[in-house]
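S.K.: Let me begin by handing over the structure; questions about it come next.
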Amino acid sequence: MKRFSTILIGLFLLYIIYYDFQIGTLPVTNKTSTAQVVASTSIDKQQTKIPSFEMTVKQGDTVLSIIEKHHGTLPVSIEQVIEDFETLNPKMDAEEIMIGKKYTFPNYNP
């Protein structure tokens, strides 16, 4: 009986692993629909002309840390900073900036 229950538990674990790799347990978001929404809103927002500055990203920098270094503190909400950054840099997510690349950042100084 012990042997049978061990085999059943082993098969169950194999099924769980198979299910996790093939189907997954986390919800998948559709990035294409989100990108289309961002593209349509960025066209409208580019017409308002957000003041900006360019900076090359160094190791350890994030969009928020660069904005904080430039302004001293975070002058607007995090959501607004990310939205403005993605508007100024079309086809670029704020989480995917790369070291050594030059990006345009929103400038909130009056």
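S.K.: If Lys and Arg each add +1 and Asp and Glu each add -1, what is the summed charge of the other residues whose beta carbon sits under 10 Å from the beta carbon of V57?
M.R.: +2
S.K.: Apply the Karplus parameterisation 6.51 cos²θ - 1.76 cosθ + 1.60, with θ equal to phi minus 60°, to every residue of the range 74-83 and state each ³J(HN,Hα) to the nearest whole Hz, in sequence, with x for glycine and proline.
M.R.: For the range 74-83, the Karplus curve yields 7, x, 9, 5, 4, 4, 5, 4, 5, 4 Hz.
Only the coordinates and a few stated rules stand behind these numbers; no lab work does. Since this is a predicted model, take the numbers as computed values, not measurements. Here Cβ is always computed from backbone atoms with ideal geometry, including for glycine, and neighbour counts include all displayed protein chains.
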